[in-house]
Amino acid sequence: MSIASTQEHFDVIVIGGSYAGQAAAMQLARARRRVLVIDAGVRRNRFAATSHGFLGQDGRSPDAIAAVGREQVQAYLTVQWLEGKATHARRTQDRFTVQDERGQDFHARVLVLALGVVDDLPEIDGLSDRWGRSIFHCPYCHGYELAQGRIGVIGVGDVSLHQAMMLPDWGRVTLLINGSAIPDETQRSGLQRRGVILEPTAIRRIIESATVELVDDRLLAFDGLFVASRTRVASPIAEELGCAMEEGLLGRYIHTNEFKETSVPGVFACGDAARMAGSVSFAVGDGAQAGTAAHQALIFR
C-alpha cells in the first residue's frame, strides 16, 4: 500500500525492511495493527549470491528471500511500506515521530529499530571486491560450501584466533597473522592441536578468487578466506533516541533486554544492530520477538 498522508498515525513504525524488520512487521500485521515499514533497501548480505543455514530457504538468493518476505508482509492490509531512508526520530509526549530523507514526518506509539550494520573491512588490496563472494565472516553461513578445502583466516586481532580454532571443521586452515596479535604459547598449542598452519608474512594483496599474495612474493591459493569485520550500526537513530549501546568484540550494538526492548521505553531493536552474531536465521528470530513484544507494549502500557 502507498503512504496516504504524513499526518497519518500508526501503531508501530519499523525502521528497516530487511529480514528482522520484515519478521517484526509480520507479527504486528497478524495482530491487525497499523504498521509503517521504512526501508532504504540496503541489506548487509547483498554481496552474497546465496544464503545458507536458514531453515526452508537454504541455498536461495538473499534477494529472493527478501523479495518474498516483503511480498508476504505487504499482503496484510494494515501494512504500509515506504521506500526511503529514515533520518531522524524523536519522542514527543506519548508518541514517536520519524522523519525521512524527504523531510516527511510519520508518527507512531511504538518503534522497532531494524537498522542493520555496516561492515568495516581491513584495508587490503582486493579484499572488498571479493567480500561475500570468496571472502566471508561467518563459517556457519559459508563454510560448508568450501568442501573441506583450503581456508585462510586473515588476522585482525584475537577474534581471528577464535575463527582459526573453529574453521578446521570446514577445511584445512592457515592463519595469516598479517601484523595482528601473535599467538602466545598456549594459543599456538591450541592451534597446533586443530591442525592450523601459521603464516607470519604480511599480505600484499588478494588476487584471483581467493589467492593471497604475500610481501615476499609468495602466492597462497585458498578456496575461501575469512576475516572478522568491524561492524557499526548503519544509522544514528538509536543513539539519537538515547538508546544505550554495548561494546562488543566486533563493534558497538544496541542494548536490549530479553524481549528486545531498548533502554528507551517503547523502542525495540532487532537484527544485526542489536546482537553480536549475525545471520538470516538470527535476524528473523530477533524480529519475531521484537514484533510480538512491541504488540504487547501497545496493550499493556
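The values are calculated or read from the model by the stated rules, or taken from the named source; none is laboratory data. Just so you know, these numbers come straight off a predicted model, no measurement behind them. In this analysis, Cβ positions are derived from the backbone assuming ideal geometry, glycine residues included, and neighbour counts consider all displayed protein chains.
One table, with the values for the structure above:
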item: Residue in segment 274-301 that is nearest to ALA66 (Cα to Cα), counting only those that are assigned to a helix (DSSP H, G or I) and free of Cβ contacts under 8 Å to residues at least 60 places away in the same chain; result: PHE282
item: Extreme residue, surrounded by the fewest Cβ atoms within 10 Å (Cβ to Cβ), among residues of segment 237-270 that are under 19 Å from GLY21 (Cα atoms) and of a type in the set (A, V, I, L, M); result: VAL264
item: Cross-chain or 6+ apart pairs with Cβ under 7 Å, segment 239-266 first and assigned by TED's automatic domain parsing to the domain that holds VAL98 and aromatic (Phe, Trp, Tyr), then assigned to a loop (DSSP other than H, G, I, E, B) and surrounded by 18 or more Cβ atoms within 10 Å (Cβ to Cβ); result: TYR253/ARG275
item: Single condition SER134 does not satisfy, out of (1) of a type outside the set (A, V, I, L, M); (2) at pLDDT below 95; (3) closer than 19 Å to ASP119 by Cβ; result: (2)
item: Residue check for ALA23: more than 23 Å from PRO236 (Cα to Cα) and among the small types (Gly, Ala, Ser); result: no
item: Filter pass, GLY53 being assigned to a loop (DSSP other than H, G, I, E, B) and among the small types (Gly, Ala, Ser); result: yes
item: Condition broken by ASP94, with the remaining ones in (1) closer than 30 Å to GLN27 by Cβ; (2) in contact (Cβ under 8 Å) with a residue 60 or more places away in the chain satisfied; result: (2)
item: Residue list for segment 72-100, filter: surrounded by fewer than 13 Cβ atoms within 10 Å (Cβ to Cβ) and either under 21 Å from the mean Cα position of the chain (by Cα) or assigned to a loop (DSSP other than H, G, I, E, B) (or both); result: ALA75, LEU77, GLU83, GLN93, ASP94
item: Test: residue in segment 166-185 that is under 22 Å from ARG44 (Cβ atoms), touching a residue at least 40 places away in the same chain (Cβ under 8 Å), out of contact with any Asp or Glu (no Cβ under 7 Å at 6 or more places or on another chain) and outside any loop (DSSP other than H, G, I, E, B); result: yes
item: Only listed residue being part of a loop (DSSP other than H, G, I, E, B) and either under 29 Å from the mean Cα position of the chain (by Cα) or not assigned by TED's automatic domain parsing to the domain that holds ALA48 (or both), chosen from SER209, SER189; result: SER209
item: Failed item, numbered, when SER61 is tested on (1) within 23 Å of VAL267 (Cα to Cα); (2) small (Gly, Ala, Ser); (3) free of Cβ contacts under 8 Å to residues at least 24 places away in the same chain; result: (1)
item: Condition met for ARG205 (of a type in the set (D, E, K, R), in contact with a strand residue (DSSP E or B) (Cβ under 7 Å, 6 or more places away or on another chain) and loosely packed, with under 14 Cβ neighbours inside 10 Å); result: yes
item: Scan of segment 76-91 for residues that are closer than 20 Å to GLY266 by Cβ, in contact with a Gly (Cβ under 9 Å, 6 or more places away or on another chain) and among the hydrophobic types (A, V, I, L, M, F, W, C), ordered by number; result: ALA86
item: Conditions (1) modelled with pLDDT of 95 or more; (2) not in a loop (DSSP other than H, G, I, E, B); number of the one not met by ASP119; result: (1)
item: Scan of segment 27-69 for residues that are surrounded by 13 or more Cβ atoms within 10 Å (Cβ to Cβ), over 28 Å from HIS295 (Cβ atoms) and of a type in the set (A, V, I, L, M), ordered by number; result: ALA48
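Here is a yes/no grid of residues against (1) within 13 Å of the chain's Cα centre (by Cα); (2) closer than 25 Å to VAL156 by Cα; (3) part of a loop (DSSP other than H, G, I, E, B); (4) of a type in the set (D, E, K, R):
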residue: GLU239; (1), (2), (3), (4): no, no, no, yes
residue: TYR253; (1), (2), (3), (4): yes, yes, no, no
residue: SER263; (1), (2), (3), (4): no, no, yes, no
residue: PHE268; (1), (2), (3), (4): no, no, no, no
residue: ASP272; (1), (2), (3), (4): yes, yes, no, yes
